[in-house]
1. Checking the a/c ratio against 1.5 first, then a/b against b/c, what shape does the Cα gyration tensor give for the range B:13-60?
2. Per residue of B:39-51, count partner chain C-beta atoms within 10 Å of its C-beta, then hand back the mean as an integer.
3. Residue by residue through B:99-107, how many Cβ atoms from other chains fall within 10 Å of the Cβ on average?
4. Would you please classify the overall shape of the range A:80-179 from the alpha carbon gyration tensor, given that a ≥ b ≥ c denote the square roots of the eigenvalues, rounded means a/c under 1.5, and beyond that prolate means a/b larger than b/c while oblate covers the rest?
5. Please turn the phi angles of the range A:144-158 into ³J(HN,Hα) values with the Karplus equation 6.51 cos²θ - 1.76 cosθ + 1.60 (θ = phi - 60°), one per residue in order, whole Hz, x for glycine and proline.
6. Applying 1/(1 + (r/R0)^6) with R0 = 41 Å to the Cβ-Cβ distance of residue B:44 and residue A:139, what FRET efficiency is obtained, to the nearest 0.05?
7. State the extension gain, in nm to one decimal, for the chain segment bounded by residue A:178 and residue A:30, taking 0.36 nm per residue of separation less the distance between their alpha-carbons.
8. Determine which lysines satisfy two conditions relative to residue A:108: a Cα distance under 20 Å, and not lying fewer than 8 residues away in the same chain.
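The values are calculated or read from the model by the stated rules, or taken from the named source; none is laboratory data. Small disclaimer: the values here were computed from a predicted structure and weren't measured. Virtual Cβ from ideal backbone geometry, glycine too; neighbours counted across all protein chains shown. What goes into the accessible areas is simple: the full protein's heavy atoms, side chains included, and nothing from ligands, DNA or RNA. Shrake-Rupley method; radii C 1.70, N 1.55, O 1.52, S 1.80 Å.
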There are 2 protein chains.
Amino acid sequence: MSQTSNYGRDDGPMDQLIRAFANLPGLGPRSARRIALHLLSRKDSAMKPLAHALDHAAETIRTCSACGNLDMADPCRVCQDTSRNARTLCVVSGVSDLWAIERTGAYKGRYHILGGLLSALDGIGPQDLRIASLLERVRHDGFDEIILALAATVDGQATAHYITDRLHGNNSGNQAVKITRLAHGIPVGGDLDYLDDGTIATALKSRA
Amino acid sequence: MSQTSNYGRDDGPMDQLIRAFANLPGLGPRSARRIALHLLSRKDSAMKPLAHALDHAAETIRTCSACGNLDMADPCRVCQDTSRNARTLCVVSGVSDLWAIERTGAYKGRYHILGGLLSALDGIGPQDLRIASLLERVRHDGFDEIILALAATVDGQATAHYITDRLHGNNSGNQAVKITRLAHGIPVGGDLDYLDDGTIATALKSRA
Ligand SMILES: [Zn+2]
Ligand SMILES: [Zn+2]
């Protein structure tokens, strides 16, 4: 008994399960143990559905080669939806930001997901983000407006500044592109994903 | 796009995955979305290991038919360990309480897991817990001491009271069994699983 690491040092399937949960964002060892016990005492009603949902999602969900969204289709449903405005591009940091904007219903254009933000502190440079494909996409597809919907943080604003420079500087053909940012309504220092829908919708409408 | 319930009303594999996580204890829709996105962007390094750990644990971990513990073996390793004192039985609410006590190293007897506590509010009666098997086990195996290591809450103390009555009343042969409870050191209203090891060890040593 003293050899099992829930109480000791072992590394059985229980420990592997707890460790897999403890590695998820927002979870620690204690919450991981609670979840593992919850699942093991509800194998049919909770554990198997979760395992199946994981397998099914892993098999069917892929990254959209155009915008970086996660979807069953590639190109994703946003990129395929011809009813959406193909002349407006909204640049976001991650998929959760795309979802947050979609929930507002206030935007009907296209998206481009960077996969993060520039960060000197974390050593994340332009080559680590989907910036080259953004420039290529703007050059190739042409847009009337590019909305930089990035967080009102140092990294978010540095990223917006860098993209603006590249879009205006690289290619004289892009000089005509109107580049806008989300306006007042985003609390300074706030992550997009944590804002209520109304705040995001307001910021979108008053973008400048 | 308006048909997908991350942003709308659909029920694809992404929604199923998010819902499966949102149903876990301590998680809500927002944390479930974060976890789903985390996994989908790390299929090989995080999603597949988690799915494998779930399958493996579901296949190999079972409930001990003697004490109610979760283990790969039945009887579990605690019940099989002949170096442990077979004359002392520690009654706990759940597996996490057994783990908490094992982590202290202060107890070397047997366990019996009730699978919950009596609760008038939640409609949990004696028939919903492993109380009948506890009485049968005490009658059959014989113990010198039974430690009721239950939470210092209304439900925990009501459960301890009920078990004490049944052990003393049901069978004159049980009159000799010494029934003890965890002593000072458990904060009133505190769950066992949230206490530090030292507090639990102290309460065990000064049990009365
Ligand atoms: Zn797409
Ligand atoms: Zn056992």
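1. Details: a/c = 2.18, a/b = 1.30, b/c = 1.67.
Oblate.
2. Values: counts 6, 8, 6, 1, 7, 1, 1, 4, 6, 3, 4, 11, 9.
Partner-chain Cβ atoms within 10 Å, mean over residues of B:39-51: 5.
3. On the way: counts 7, 3, 1, 6, 3, 1, 3, 0, 0.
That average works out to 3.
4. Details: a/c = 1.89, a/b = 1.14, b/c = 1.65.
Oblate, because a/c is 1.5 or more while a/b does not exceed b/c.
5. 7, 9, 10, 9, 8, 8, 10, 4, 7, 10, 4, 5, x, 6, 5
6. Values: r = 32 Å, r/R0 = 0.79.
Step by step, r from the Cβ atoms, then E = 0.80.
7. On the way: separation 148, 0.36 × 148 = 53.28 nm, distance 4.96 nm.
Separation in residues times 0.36 nm, less the Cα-Cα distance, equals 48.3 nm.
8. Reachable lysines: A:178, A:205.
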